[in-house]
Every structure is written in structure tokens, then in C-alpha cells.
Amino acid sequence: MRRSSRLTAALTAALAGVLTGRVALGPVAPSAGAGASGAPTAAVASPAEPGRRSSADGWLVAQVGAQRWQVVWRAPRALPVGAARPEVVGPADLRVPALVAPDGRTVTAVLEQPDAPDPAALDVVLSGDRLDERGRDDRAARRAPAGRAGAGTTRPATTPAPVDPGVPGEAAVVVSDYELPRLRVAGMRRPVEVEGHVVEPAQPSADAPLVVFLHGRHAWCHDPRRPDRFVVGWPCPRGTEQVPSLRGYEQTQRLLASQGYVTVSIGADGVNAQDGWLRDGGAGARSALVRHHLDAWVRWAAEGRAVDLSRVVLVGHSRGGEGVARTALDLPADAPWSVAGLALLAPTDFAAQAVPHVSSVTLLPHCDGDVSDLQGQLWTDRARDLDVGDTALHASLLVMGANHNYFNAEWTPGLAAAPAFDDWAGDPDATCGRRHPERLRPAAQRAVGATYVAAAARLFTGGVATDPAAAAAVLPLVDGTATSVASAGDADVRAHALGGGRLLVRPGLDAVLAEPAGGAVVQLCTGRTELQGPAALCGRAATEVAAPHWPSTGSGVPPVRALELAWSQAGARGGLVLGAPLDTTGRRWLDLRTVADPSRPDALLGVRLTDAAGASVEVDPVGGAVPALPRGDYALGKHWAQVLRVDLAAVSGVDLAAIRSVELVARSARGRVWVLDVAAVAEGAAALPPASPLRGPVVSLGTVRVVEGDGSGAPGSAVAEVPFTVAGVLERPGRFTVVSGDGRRSGLTTVTVDVAAGQTSGVVRWPYRADVADDLPEQRFGLFAFAVRGLMTAQHTGRLVVLDDDPTPRVTVTPVRAVVDEGRALRWRVAVAGPLDYLLPVQARFVPGPGAPLRQADVPREFLRDRVRLDPGRSLGRSLLFLGEFLGPAGRPSAAVLTLPTRRDGRAEGREDVGVRIRIGGAGTPARVVSRTGVVRASGGAS
């Protein structure tokens, strides 16, 4: 039904004061007294548009649909620029990713809940710091805790690796740069730079693999006259310069070039300047930029440049890690290049993606103060269950003492041309503090990065000469073997891996609980994090930043299950009974990816193996313990899996071709661990299956606009069909889930989509509320897709736009008492004649009337208190006096009476007038304004 007019409504923090008691204030100006986090400390009250006002701490709340609220917070200055994105957090584990406007200051999110959110209960959190509060939470929290339980003090013993990939080669190295015309990228208003910093052998061979580096999200412009100042704007304003982040990996580039690789580091400042408002964090834009550079290299190779594009290695740091992984997902089937592998440094993974069939090595800095939740672990974990035919190796390495920034020299103080900083804030003498002895110094961290990127490149490509033995020689550095190399110094680097031909046993899928013994407490817990969650969650007592294997409940990422084992005495035992006997013939190791509770001592454990005939043996794992990581508050006490390894060559007394159960036996007095999975692992070249030419199919969500309708026969639920496409060949049935990208206080709407083999497109049947009540013209629902099995997401964000089709009900304003004697109240009734699906703000402002003015002295003092600046002789019409009410949806009144009380002052004043301007609606579309007059007749009686 077409509407002739629209009365839209928005509840804001100012008018929410009617409901919550918070004071309504106008826009917040930058304050010189802001705290270290940039939070404003004060604001001046002023009138603002009804339904669109700010509160004292810079919050704004506006209704954008039925039970949907947009919350906005504006900082007094630009937010810190880094890889992490801000989140709006609140009660009941509410945690919603937020977008950042191009001004770099305005943070926006949408919440789904029945009533307007109270800004007093919300915070904007970035890398663990509440930006809307004074001070730095991470500085306060990052201190060594009292009463340590001895956790985090054990460093695993290592043996030298058979080869050191950090040793430079013999090739002479040359350096050059290129700049091509700027590239227009979807979703970005201004084109981005196409610049490359090339480091290569002076005489590269035709089979020299190409290694592409992509830096992450850092400030993009700076003022060389102000060494402490970053600049917002793109292209960089006159008098400022681009931050040369692309030059920050030259140490690693030189190492690789000396070994025969052609390397290029590409610039992405233009993406960094414009990705805050993109729902995927700019991953798609970075992918487009990398592919554009690769197209240029294809042209140059065709012109005779010596480079091998059939073995491209992509190296990404921070958001650049997500960008290069997305490049591999977006790879066209007919692309003239092939991605041999991914090396990811402190990467983000906002989309909870993985890349089946493409090997990856992910370095996670234990002291990461930016991507402090170590979400890059998902690049390994999420690959586990997606494709049973995936033989690629997916490894994660935890680099103790490393921070986020120092992998890039241009993000390192003392080396950078632009301002740079240590992202780990806090007590400098505490664990991870810059003066702590276990903290890696910048040069040491860059050396670790160079060594392990070189190891990954050799693992993926076999070196310039494509030597499988060379690849196998570096495998112990990343597969969970406790090894070290001289080029990485004394850095403590711990690793685990999946894939690579492992025979995998997954709790809850391939195995069930064994009967516990000796007082052990066991369960198959669900891999989610929730601070106050139920006992069935693995991460029920862990802060989200401490549990990278277990996404938060509100994220919607499909969880996996783990074995949880706790004990309070030695000899306790618990484990898994396999659904089918495990044949470890030809395998060297049995690896258990095991998380040790950092609040308890190192987990001393034995492993008990039982075969199909019932024979059992208890064996000593390599090293004998799972060391607890350093304990601490905030981001320090991480729950991250290390390898508990059994040397199968030393096992006798059981049939290794038919292992039926795997149990852990406690050898310490107390402890708790979680086992993510068990794998039988081959050694050496046998652990490196040939690289697969396959690329997993990927699904992308689209956008649809629908007319709301009235529901199915009666007001209620309706279904929209959101399109999706599948790129690549889906050889077996696949599945993905879709959740609302908007925050909810209780539960998530989740739709599971099954995709048939060979299917190339389809729709997600998304439920929404349809009725006959008037609503805002458009409701926009953000949708996120997460892979479950058989495929992966590419464009994981979609959108549903619901267009309202219900008529706007008539609103009437009726004087109830417009002429009264002194001491009685003036009243005007505002009523709506039909149903609404939004809060309709009604605001009355008093203005001068046609006659003698009604003054403040004619109104009770207690009524004026906290509403206006008291001045008894001042006219009410010039006192900026407002009244506010709400009309609205079910549960709220459909009529309101605006009341102005008067008092008897005992003076013969005759008639006094006041005007009232009643504004109905507002915030985004024209509001209706009705003017009325009130008359007070003097009584002459005693006051």
C-alpha cells in the first residue's frame, strides 16, 4: 500500500533520558580534558533535533526498525588505527562489530532488542580498551597478577632443526620500485595506489617463485613536520606524506631474494584509509588489489621477466593476512597464476574463514596488543572440518614475546619514517612489557619473522629448484616438533598443525568419551567463549581475548567440540573411545592438540593407548608436559593448544594398527586441559602429500530488497529470499549457516543452508517480521555467512532491505486545557490513531505567545528544576523549556498528555500567554510541527 507521508521516529540517548534518567545533551565537541583513550570528559547541554541527540559521553541512539536500534559514538579525535576493529559491548555478553565512518571518529553498530539500549550500559572496545571511558583498561590490566600458580614459567626444550631457512643464500640482490595508475575498488570512493617495492636476485632464474607481501592496517598519512601526528584523508592532504608501510618487510625480502625468490611488497594505504566503513573490514578490497598486481606480473612475465607465477607465495601481515587469504579464495579458475601457500603474520579473520587445499603457516604473537584475541588461529582451526579431501598443511605458531607491529620495520619506533609505537601497552616490567626479559626486542622479532616466512616459502615451493627434500627439511619448524634454529636466536616459538595427510580423530565426531577413572572430571564441551556461560562451554570462564580456538557465542561462528579433562589427584584418567580403530601403520607420531589451563600448573600427563583387542599401555609423551602459558589478566592468559606428542616408534604392547582408545593420565596433583583433536602423523617427506590442484568451492551472499507485506495470512513472520552464488565445483553436498550481523541481547537468528553437489546458486530463506503496523521506510539487516562443511565463504556479508508498505496513522493534537486559572495545569493531548512499530518521539518546546508572557515565576519551581536555568523573571517562551513523551508500539501508550503546571502568585496580572510548538517524529525525514497557545488567567488569590 503506497503511503502519502511518513512520520519516522528515532529514540536517542537524549530522549532516552525520559526512560533511563540520563541527562539529554547536545553534540559533543572535542575536549582538551579527554582521557588517554580519547574519551570526552564533558559536554554542554543544548537543544537538538528530537529523536536525534547525544548524551554526555558522546552516545547517540536511533531507532532504525522494529526492535532495531542504531547506536553511534563519536570520539573527540580519530580512533587509533590498527588491525582490530572496534566493537560495541554491553550486558549479557553483547558484542557487536562496529563500523568506523570516514572521519575516523564515528563508530556505528546496530542492535536488535525490544527496548532502546541504555548508553550507560554500552562501551566501545578496541583491542581491549574502552574508548568511551577515561584511561587505558589494557594498561591497568596488563600487570603481573598476584598469587601466581607457577604457570607460564616452563619453556619447552628444543632440538636444532635439520636446516636453518634464515641463513641468507648466495644470490646478489637488487631493489627497485614501480608505480602504476591508481585502481578503483568496489566500495571505496577514491582509487587506491598501485605501488610495489621489489627485491629480487640480480639474475633471477625463470623458475624463481614470486613472493607477494601485503601490509596491514596502519595509519596511511603523516605530517613530517609533526613526528607525533597521523593525518586522516585520502589522498594524503597537501604537506603530508604516505606512511611507507610497504617498505617494512625489506629484511625478509632480502633474505628470500638471496635464496633466489622474486619478492614484491605492495602498498595499501588507500585501502586503509577507506575500509572502516566496509562490513568485511576491507578484505575484498585487498584481494582485488593483490590480484591487480598479479595481473601486472603476468604481463611482465609474458614480456620476458624471469619469474615463476605457478608457485606464488602470499605473505600478509595483520589485515593484510586476511587480504591475501581472501585472494586465494577469490582466485579465478582460469587465473594465469597459482597460489602455492600463505604465510600470515598476526592476521585478522573477521569472516572466520579458512582456505582449503592451500597450505598456510600462521604466526601469532603472544604479546599482540592489537589483534589481542589472536583470531588468526581460525585460519588453521576452521580448515579442519571443511573438506575431507584437503591434504594441505595448516600450521599455527605462537611466538612468545612478540607484539603485533614489530614484524614491520616501518611500524617500529626508531626505524620508521612515520610515527610508530609498541602496540602492547602496560606495565613495562610485567610479562610482555617492553623491559621484561622474555619480551622480544624489535630486531629479534624481525629475525623470527624472516626465518619463519622463509621456512614457509620453502615448504610451499620446495625452493627455487622445486626440491621436495628441501621442503621436508623445514617441516619440523612448523608441524609441532620442538625445534629451533640459530637465525631466530633464542626466541620461544611453539607450533601445532593440521592437515598434511594426518589421520584425524575429532571429539564428538569421530570419538566419544571413555569412562573416566581416578576422580577425573570429563566432558565433551562446546567450543564457544562466554564469560558467564554454562558449564557445557569450553570457554565459559575465559575472556574472549584469551581463547582464540573458541569464538564468542554472539559471533555465530559454528562451534566444534573438545575433550575437557580436570583432575585433583595424580592417577586420574579420561579420554576418548574412537568410533573406528585408528591404523597408525607408517606413522611416527600421535599428536594431541592440547590446551593447558593457564590458571593451573603445567599439565604433567601420560598417554594410555588401548587397542581393539583390549590390550593397553601407558607411555611417556615427548617432553612429558603441556606447559601452561603465562598467566595474567586481559589478553595474557591465553588458552592456546600445544602439542602433546607420543613417539609411536617407542610404543610396544598394543596393536598400533587398531588403536581403539586414547586417554590422558594425570601425573601432577591437579590440572585441567582441553584436547581439540588427536592425529596420527607421518615423518619427513611422507608428511607432505603432493600439492593439490584443487580449489575449494566458495559461496558469496548477495543483497535483496523486499516489500514487507502483512505476514503469512496474519501479522507475523515472513520470509525473504537472499541470493547466494557458488564459485568452483561443489563435488559433494555442502553446508553453511547465516546469522544476523546485528547484535542481540538473547540468541541469534540462524539459518542453515544445504547446498547440493553441482549447485551454483540458490537463496537463503531469511525470516523477518511482517505486520500491518506503520514502520520506518526501510529496515536493513546485515547477514553473515559461515561455512560448515564442503565449501568456504568468500563474500561472507549480505544484506536484506525490507521496505515498509503500511499507511501512516493519523496523529492528532487536541487542547485539553488551553485556558486555565492560575494554579491549574495547561494540557495538550497527542494521540496516534493506528499501530506503530517504532517509538514516536513527541517534543514540546515553549515559545513566546501573542500576549503578556507567562514567566518562570508562574510555574512551580520544582517543575523547572533540572529543566532550565532558573530565572524567575524570564519568559517561559525564551527559557528553552522542553517536554518529551513517546508514543509507539505494543506495550506503549498510543496517546500522551503534555502538561505544564502553573502556580498562584497572588498578584493581579491579567491574562498571560505562552506558545507551545509540538514536534512529532523527526530524525531522518520531515517531522510534523503543531503550534498551540496556552492562556493563564490571574486569580488574584494568595500564593
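So GLY834 fits all but one of (1) assigned to a loop (DSSP other than H, G, I, E, B); (2) within 30 Å of LEU694 (Cα to Cα); what number is the exception?
(2)
Can you go through GLY369, GLY389 and tell me which one is crowded, with 24+ Cβ neighbours inside 10 Å, outside the structural domain of VAL729 (by TED's automatic domain parsing), in a loop (DSSP other than H, G, I, E, B) and out of contact with any strand residue (DSSP E or B) (no Cβ under 7 Å at 6 or more places or on another chain)?
Residue meeting the stated conditions: GLY369.
Looking at GLY539, GLY518, which is the one that is in contact with a strand residue (DSSP E or B) (Cβ under 9 Å, 6 or more places away or on another chain) and more than 20 Å from HIS639 (Cα to Cα)?
Going through GLY539, GLY518 in turn, the sole match is GLY518.
With THR461, THR466, THR483, THR431 as the choices, which residue is in contact with a helix residue (DSSP H, G or I) (Cβ under 6 Å, 6 or more places away or on another chain) and not hydrophobic (A, V, I, L, M, F, W, C)?
One residue alone meets the criteria, THR483.
Out of (1) more than 15 Å from HIS394 (Cα to Cα); (2) free of Cβ contacts under 8 Å to residues at least 60 places away in the same chain, what's the single condition that is false for ARG319?
Checking ARG319 against (1) more than 15 Å from HIS394 (Cα to Cα); (2) free of Cβ contacts under 8 Å to residues at least 60 places away in the same chain, the one that fails is (2).
Mind listing whichever residues of the range 32-76 are at pLDDT 85 or above and more than 22 Å from ASP115 (Cβ to Cβ)?
ARG74, ALA75
I'd like to check something: does the range 686-697 contain any residue that is at pLDDT 90 or above, hydroxyl-bearing (Ser, Thr, Tyr) and not assigned by TED's automatic domain parsing to the domain that holds ARG279?
No - not one qualifying residue is present in the range 686-697.
Report whether or not ARG217 is at pLDDT 95 or above, within 34 Å of the chain's Cα centre (by Cα) and of a type outside the set (Asp, Glu).
yes
Checking the conditions here, which among LEU864, LEU854, LEU880, LEU839 is within 30 Å of GLN113 (Cα to Cα), modelled with pLDDT under 95 and not basic (Lys, Arg)?
Selected residue: LEU839, the only one of LEU864, LEU854, LEU880, LEU839 that is within 30 Å of GLN113 (Cα to Cα), modelled with pLDDT under 95 and not basic (Lys, Arg).
Go through the range 744-758 and count every residue that is surrounded by 17 or more Cβ atoms within 10 Å (Cβ to Cβ) and more than 27 Å from PRO91 (Cα to Cα).
Residues in the range 744-758 being surrounded by 17 or more Cβ atoms within 10 Å (Cβ to Cβ) and more than 27 Å from PRO91 (Cα to Cα): 2 in total.
Go through the range 535-580 and count every residue that is closer than 25 Å to ALA511 by Cα and β-branched (Val, Ile, Thr).
Here the count works out to 4.
Let me spell it out: the conditions are (1) within 21 Å of ARG184 (Cα to Cα); (2) surrounded by fewer than 24 Cβ atoms within 10 Å (Cβ to Cβ); (3) within 21 Å of the chain's Cα centre (by Cα); (4) of a type in the set (A, V, I, L, M), and ALA352 meets all of them except one. Which number is the exception?
All conditions pass for ALA352, except number (1).
Could you please find all residues in the range 753-782 being under 19 Å from ALA718 (Cβ atoms) and polar (S, T, N, Q)?
Of everything in the range 753-782, just one residue is under 19 Å from ALA718 (Cβ atoms) and polar (S, T, N, Q), namely GLN779.
Would you list the helices (runs of 4 or more DSSP H) that sit entirely within the range 218-319 and hold 1 or more residues that are within 20 Å of PRO191 (Cα to Cα) and touching a helix residue (DSSP H, G or I) at 6+ places or on another chain (Cβ under 9 Å)?
Fully inside the range 218-319 and qualifying: 269-272, 283-302.
What's the number of the only condition in (1) of a type outside the set (A, V, I, L, M); (2) farther than 30 Å from ALA686 by Cα; (3) surrounded by 20 or more Cβ atoms within 10 Å (Cβ to Cβ) that ASP427 fails to meet?
(3)
Filter the range 834-855 down to residues that are surrounded by 22 or more Cβ atoms within 10 Å (Cβ to Cβ) and in contact with a helix residue (DSSP H, G or I) (Cβ under 6 Å, 6 or more places away or on another chain) and give me whichever is nearest to ASP913 (Cα to Cα).
Restricting to residues being surrounded by 22 or more Cβ atoms within 10 Å (Cβ to Cβ) and in contact with a helix residue (DSSP H, G or I) (Cβ under 6 Å, 6 or more places away or on another chain), the top hit is LEU854.
Go through the residues of the range 648-658 one by one and say whether even a single one is assigned by TED's automatic domain parsing to the domain that holds ALA541, crowded, with 20+ Cβ neighbours inside 10 Å, under 26 Å from VAL493 (Cα atoms) and touching a Cys at 6+ places or on another chain (Cβ under 6 Å).
no
Could you please find all residues in the range 398-415 being buried (at least 24 other Cβ atoms within 10 Å of the Cβ) and part of a strand (DSSP E or B)?
Of everything in the range 398-415, just one residue is buried (at least 24 other Cβ atoms within 10 Å of the Cβ) and part of a strand (DSSP E or B), namely VAL399.
Looking at ARG148, is it crowded, with 18+ Cβ neighbours inside 10 Å and modelled with pLDDT under 95?
Judged against the criteria, ARG148 is not a match.
Quick check: anything in the range 93-109 outside any strand (DSSP E or B) and more than 27 Å from TRP234 (Cα to Cα)?
Scanning the range 93-109 turns up at least one residue that is outside any strand (DSSP E or B) and more than 27 Å from TRP234 (Cα to Cα).
Given the condition of a type in the set (A, V, I, L, M), within 22 Å of PRO551 (Cα to Cα), modelled with pLDDT of 95 or more and surrounded by 21 or more Cβ atoms within 10 Å (Cβ to Cβ), answer yes or no: does some residue in the range 616-636 qualify?
Taking every residue of the range 616-636 in turn, none turns out to be of a type in the set (A, V, I, L, M), within 22 Å of PRO551 (Cα to Cα), modelled with pLDDT of 95 or more and surrounded by 21 or more Cβ atoms within 10 Å (Cβ to Cβ).
So is VAL464 in a loop (DSSP other than H, G, I, E, B), of a type outside the set (Gly, Ala, Ser) and closer than 30 Å to VAL307 by Cα or not?
yes
So THR749 fits all but one of (1) polar (S, T, N, Q); (2) over 24 Å from LEU839 (Cβ atoms); (3) without any contact (Cβ under 8 Å) to a residue 40 or more places away in the chain; what number is the exception?
(2)
Can you give me the number of residues within the range 233-263 that are crowded, with 24+ Cβ neighbours inside 10 Å and more than 10 Å from TRP220 (Cα to Cα)?
11
The values are calculated or read from the model by the stated rules, or taken from the named source; none is laboratory data. As the structure is a prediction and not an experimental result, all values here were calculated from the model. All Cβ positions, even for glycine, are placed from backbone atoms using ideal geometry, and neighbour counts span all protein chains on display.
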